[in-house]
1. How high is the relative contact order of the chain, given as a whole-number percent (alpha carbon pairs under 8 Å, six or more residues apart)?
2. At q = 0.11, 0.12, 0.15 Å⁻¹, what is the base-10 log of I(q)/I(0) for the chain according to the Debye formula with one equal point scatterer per Cα and no solvent? Please give it to two decimals.
3. Using modelled amide H (1.01 Å from N, peptide plane; none on Pro or chain starts), what sits under 5 Å from the amide H of residue 57, excluding residues fewer than 5 places away?
4. Roughly how many Å is it from the Cα centre of segment 170-233 to that of segment 51-105, as a whole number?
Amino acid sequence: MRSRDLGFRLSIGAFAAALLLIVVAIGFELTRQSMPSLQKFGLRFWGSSTWDPVLGEFGAFPFIWGTLYSSILALLIAAPVALGIAVFVSELSPSSLRAPLIFLTELLAAIPSIVYGLWGIFVLVPAVRALEAFLPDALRALPIFAGPPLGVGMLAAGLILAVMVVPFTSAVAREVLKTVPTAQREAAYALGATRFEAIRAAMFYARTGIVGAVMLGFGRALGETMAVTMVIGNNPQISLSLFAPQHTMAAVIANEFTEATDPLYLSALVEIGLVLFIITLAVNALSRGLIWSMARRMPAKVTA
């Protein structure tokens, strides 16, 4: 029995080690392939706004800006919607509606990215263009709403990312809320809490899992490629405007990788992949640290 237990532990440990090895191998290969760009531009690559394959000058800042801007915008739009869906399905929905709502929400996660992109081009972009044209001149004068009514741009990218993020965040948040003990809600009702206050208490109990669900959606938004490529406009500029065409790291790799015949050009694109890899790891590390810190504080609050 002891040998079987040891064998089981070693096999499971091997799987975990293989996962770690894959992550290290990805980082190593991206670093190796981007070495010409790293040697020529150094850290200037992160802060430069010039992207000129003809002159051989490359900078990733417009793509970093576009990736973070679109992902944060999508998170701000999607998180309240996803949490609202999760709360309604787990706490308020009639039993006859619960299964269809879960099915429809999870169906959104199964739709391919290219289909979202086509929907974005034919439905979302015209709607955004109409919204841009409808805004009064007083709002159009603000930097965040400046620009011609093209339809393609940061707002369209943020909206389509929000639609894609909602099913992941809501599904995880819903399962987290299901794990909240019934005694938590009963105790709240026994103290005279309203339905809203009881739900709020359940969400507070499950806050670490809810934060994890939101960060999972954020990670999904960071790496999205095809749908964003089709609606963001693909213009490497830095702008606060929601209506301005911009660019993302994943989109520039998808658009230009097959055209990169110069070794330095190819290396710069691989380095953008390395930057995206590093940013993704940093975001996941920060979210994990936040979850751990919240989890350490939870027992004392619950006990109190």
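1. Values: 377 pairs, mean separation 81.6, N = 304.
So the answer I get is 27 percent.
2. After summing over all Cα pairs, the log10 values are -0.84, -0.95, -1.23.
3. 52
4. The distance from the Cα centre of segment 170-233 to that of segment 51-105 comes to 14 Å.
No value in this document is a laboratory result; all are computed from the given coordinates. Note that this is a predicted model, so its numbers are computed, not measured.
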